[in-house]
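The structure under discussion appears below in the form of structure tokens.
The values are calculated or read from the model by the stated rules, or taken from the named source; none is laboratory data. Values in this document were obtained by computation on a predicted structure and should not be read as measured data. For neighbour counting, all protein chains shown are included, and Cβ atoms are generated from backbone atoms with ideal geometry for every residue, glycine included.
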Amino acid sequence: MKSYGCQMNVYDAQRMADLLAPEGYDETQHMEDADLVILNTCHIRERAAEKVFSELGKVRLLKAERAAIGHKTKIVVAGCVAQAEGEEILRRQKAVDLVIGPQSYHRLPELLRRTGTGESLVDTEFPLEDKFDHLPAPSRQQIFARGVSAFVTVQEGCDKFCTFCVVPYTRGAESSRPVAKIVAEVEALVAAGVREVSLLGQNVNAYHGEGEDGASLAALAMRLARIPGLARIRYTTSHPNDMDGDLIKAHRDLPALMPFLHLPVQSGSDRILAAMNRKHKAKDYLALIAKIRAARPDIALSSDFIVGFPGETEADFEATLDLIAKVNFASAFSFKYSPRPGTPGADMPEQIEERVMVRRLAELQVLLEDQRQAFNRATVGRTVDVLFEKPGRHKGQLTGKTPYLQAVHVEAGSDLIGKILPVEIIEAGANSLSGRLCEGIAPESLQWEVPV
Ligand code: SAM
Ligand code: SF4
């Protein structure tokens, strides 16, 4: 199983593994050993989609090599490229046995049984039945093997139709899972040793339950925080227009809700935001950030940026740099605009030249990287709570996460995996922090001011 793209694909891949375990499939890290290869794909940018076709070329050769020594190999393309390209995948790569979209993968076992007789299948429907009702729960061993921090999809799809984005077409209309089912899933995870959940959705803060009164992401976080043993709650990805007062208050009042927020803004130019159909202005975003920081002063902020959206002028780009300078982000993702077939942006005049996008992206990333490094350096000398997740790169070391989603390496024994302990940060490297365990400090006293 090879997953590309977002965290929801990681979650979907795990659920496909859960579906296939009773069928006798076990995951392997070596593709040459695999009787079944699933590429769980991403369609968000052109390069992500092209990677899939180049990988399929390699898997086809492997299938032929294995066939020569009498082993059968089935190839499945799942995820958003499957949804968007459908039959076209079979046309471009005949070795593929099954193409299955993100809303129908609960049918994987049945469809797999039907393949292998020379027939290739495509299932890219948005079925009426809810796939979540057909997904088996993972075993305790499977949960344990996946670690102490788990993903849980709570919302899928999107109705916002930003003009650059394929998500509303590949993942379909916005829908939320019922509260009770999410609570049951998280309870099972916690019972098997999970300490942190990241609630996932393409537009996660639009969460509203299944038409349930009073259901919202804030209410869901409050409910989940009552599960004994669950220490940390995160969520991603949010839209600025769905960041309501209750959710902001939850950041103030709910200790389990981690002080990290990924809130994509895409651009700092009102003209470009309007062309993107984002339905907010730069000043609205800044006002929102001010409100969030007033509620939770130490919150670490993250965002997504697109440079080179059609019609973006130097002045528009400068406005994005200006917004970044005003907010001061702890981390961020930034991309060159990639026209996606079928989205309004792809047909807009004034597409921006590649060399201009390359230059703007480099300039933007210098600024974002400076802010990220400054944020990490500001942690040095402080004591923060760390959730220990797995063995580190070196012997005798563990890797964990701060509340602000920074990776930290600490000398510690593996018995501490799953524990949350105060750590004094001693060094900030390029991509992670180093720290030492402290003793005798009450974890509650560990708040610190974000470097604004
Ligand atoms: N729902 C989230 C939001 O509203 O911001 C984002 C979801 S999208 C999976 C993740 C990020 O990919 C977006 O925030 C955007 O920055 C980037 N992205 C989406 N479409 C893109 C495109 N056509 N070209 C470049 N980047 C794109
Ligand atoms: Fe895509 Fe996010 Fe816009 Fe929805 S809100 S269309 S997922 S960028």
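Specify the residue that is farthest from residue 370 (Cα to Cα); the eligible residues are those in the range 321-347 that are of a type in the set (S, T, N, Q) and within 12 Å of ligand 1 (Cβ to nearest atom).
Looking at residues that are of a type in the set (S, T, N, Q) and within 12 Å of ligand 1 (Cβ to nearest atom), I get 343.
Is there a residue being within 16 Å of ligand 1 (Cβ to nearest atom) and over 19 Å from the mean Cα position of the chain (by Cα) anywhere in the range 216-236?
Scanning the range 216-236, I find no residue that is within 16 Å of ligand 1 (Cβ to nearest atom) and over 19 Å from the mean Cα position of the chain (by Cα), so the answer is no.
Pairs, please: C-beta under 6 Å, at least 6 apart or cross-chain, first residue farther than 17 Å from residue 248 by Cβ and in the range 195-217, second among the β-branched types (Val, Ile, Thr) and within 16 Å of ligand 2 (Cβ to nearest atom)?
Close Cβ pairs (under 6 Å, with a partner that is among the β-branched types (Val, Ile, Thr) and within 16 Å of ligand 2 (Cβ to nearest atom)) amount to 200/153; 201/154; 202/167.
Here is a list of conditions, (1) closer than 29 Å to residue 132 by Cα; (2) of a type in the set (A, V, I, L, M); (3) in a helix (DSSP H, G or I), and residue 64 meets all of them except one; can you say which number that is?
Of the numbered conditions (1) closer than 29 Å to residue 132 by Cα; (2) of a type in the set (A, V, I, L, M); (3) in a helix (DSSP H, G or I), the odd one out for residue 64 is (1).
Yes/no per residue for (1) in a strand (DSSP E or B); (2) at pLDDT 95 or above; (3) of a type in the set (Phe, Trp, Tyr):
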| site | (1), (2), (3) |
| --- | --- |
| 395 | no, no, no |
| 400 | yes, yes, no |
| 405 | no, yes, no |
| 408 | yes, yes, no |
| 423 | yes, yes, no |
| 426 | yes, yes, no |
| 430 | no, no, no |
| 436 | yes, yes, no |
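Run residue 332 past the list (1) surrounded by 19 or more Cβ atoms within 10 Å (Cβ to Cβ); (2) out of contact with any Leu (no Cβ under 6 Å at 6 or more places or on another chain) and report the number of the one that doesn't hold.
All conditions pass for residue 332, except number (2).
Going through the range 377-397 one residue at a time, which ones are within 24 Å of residue 147 (Cβ to Cβ) and basic (Lys, Arg)? I'd like the intermediate steps shown before the answer.
Filtering the range 377-397 for residues within 24 Å of residue 147 (Cβ to Cβ) gives 379, 384-397.
Residues satisfying the conditions are 390, 393, 395.
(1) within 17 Å of residue 404 (Cα to Cα); (2) touching a strand residue (DSSP E or B) at 6+ places or on another chain (Cβ under 8 Å); (3) among the aliphatic types (A, V, I, L, M): which one isn't true of residue 295, the others all being true?
Unmet for residue 295, out of (1) within 17 Å of residue 404 (Cα to Cα); (2) touching a strand residue (DSSP E or B) at 6+ places or on another chain (Cβ under 8 Å); (3) among the aliphatic types (A, V, I, L, M): (2).
Of (1) within 10 Å of ligand 1 (Cβ to nearest atom); (2) under 22 Å from the mean Cα position of the chain (by Cα), residue 369 satisfies all except one. Which?
(1)
Testing residue 15 on (1) in contact (Cβ under 8 Å) with a residue 40 or more places away in the chain; (2) over 18 Å from residue 101 (Cβ atoms); (3) away from ligand 1 (no atom under 16 Å from the Cβ), one condition comes back false. Which one is that?
Here residue 15 meets the rest and fails (2).
Would you confirm whether any residue within the range 112-128 is under 18 Å from the mean Cα position of the chain (by Cα) and modelled with pLDDT of 90 or more?
Checking the range 112-128: not a single residue is under 18 Å from the mean Cα position of the chain (by Cα) and modelled with pLDDT of 90 or more.
For the range 386-393, state whether one or more residues are without any contact (Cβ under 8 Å) to a residue 60 or more places away in the chain and within 22 Å of residue 286 (Cα to Cα).
no
Hand me the list of helices (runs of 4 or more DSSP H) wholly inside the range 144-251 holding 3 or more residues that are away from ligand 2 (no atom under 16 Å from the Cβ), surrounded by fewer than 17 Cβ atoms within 10 Å (Cβ to Cβ) and hydrophobic (A, V, I, L, M, F, W, C). It would help to see each step written out before you state the result.
Details: elements: 167-170, 179-191, 217-225.
Correct list: 179-191.
Inspect the range 18-32 for any residue being under 13 Å from residue 170 (Cβ atoms), small (Gly, Ala, Ser) and part of a helix (DSSP H, G or I) and give the result as yes or no.
No: the range 18-32 contains no residue that is under 13 Å from residue 170 (Cβ atoms), small (Gly, Ala, Ser) and part of a helix (DSSP H, G or I).
Tell me whether the range 47-54 contains one or more residues that are farther than 24 Å from residue 236 by Cβ, within 16 Å of ligand 1 (Cβ to nearest atom) and either modelled with pLDDT of 95 or more or out of contact with any Phe, Trp or Tyr (no Cβ under 9 Å at 6 or more places or on another chain) (or both).
yes
Just checking, how many residues over the range 67-93 are assigned to a helix (DSSP H, G or I) and crowded, with 18+ Cβ neighbours inside 10 Å?
9
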